[in-house]
């Protein structure tokens, strides 16, 4: 049995995606900062028959993130699928004219250094398995920079570039790297951007392995 590791576990998209991959037979490693929050999510998944366990880590703390992913693999089984989708902080959302060089330190650590740390932690095991999937979930500013949210626009662009390079570099090793762009808010009543719809879309990207960038719906004009 292999493991689906979710960085940025939460009650919306995270829970829905964990449930979808868990229902397909994967054990689930939930990674976030709040231990009680992780315990609650694990218990809810257990009621659905999904074997899940939480591992506490902060994506801004590279040692804790690496340790959590290694502990997940040791406890639950090798990580075959990694999803990187932590929710950006509100203080990343400054207007470009109000953004200093120092304001970019944390967004870049969150979206770029965090992704590199996570991938480097799981890649050796994926190579040993002979297969793997890495899923990045980003907002619309990853492909259409928004001056109102300069921190995420710049950091998501770096994350997108890294993900695209991984896609090209790992394709020959049966490790599929893909990005799902969610242009608007994730809402339970949204046809294509509800948690359940996005979870199914991410599972389809994993199973079909058909290209790098995908959109939950068209970008607004």
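The values are calculated or read from the model by the stated rules, or taken from the named source; none is laboratory data. Computed from a predicted structure; not experimentally measured. Neighbour counts run over all protein chains shown; Cβ positions are idealised from the backbone, glycine included.
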Open item on the list: Which count do you get for residues in region 1-60 that are more than 21 Å from residue 201 (Cα to Cα) and assigned to a loop (DSSP other than H, G, I, E, B)?
Closed with: 9
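With respect to residue 140, determine if the residue is in contact with a strand residue (DSSP E or B) (Cβ under 8 Å, 6 or more places away or on another chain), at pLDDT below 95 and surrounded by 19 or more Cβ atoms within 10 Å (Cβ to Cβ).
Details: in contact with a strand residue (DSSP E or B) (Cβ under 8 Å, 6 or more places away or on another chain): yes; at pLDDT below 95: yes; surrounded by 19 or more Cβ atoms within 10 Å (Cβ to Cβ): yes.
It is true that residue 140 is in contact with a strand residue (DSSP E or B) (Cβ under 8 Å, 6 or more places away or on another chain), at pLDDT below 95 and surrounded by 19 or more Cβ atoms within 10 Å (Cβ to Cβ).
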Open item on the list: Name the residue that is farthest from residue 163 (Cα to Cα), counting only residues in region 81-113 that are free of Cβ contacts under 8 Å to residues at least 40 places away in the same chain and assigned to a loop (DSSP other than H, G, I, E, B).
Closed with: 100
Task: Positions within region 122-170 being touching a residue at least 60 places away in the same chain (Cβ under 8 Å), under 15 Å from the mean Cα position of the chain (by Cα) and not in a helix (DSSP H, G or I), in sequence order - done: 133, 135, 137
Open item on the list: farther than 25 Å from residue 110 by Cα and modelled with pLDDT of 95 or more: which single residue out of 45, 6 fits that description?
Closed with: 45
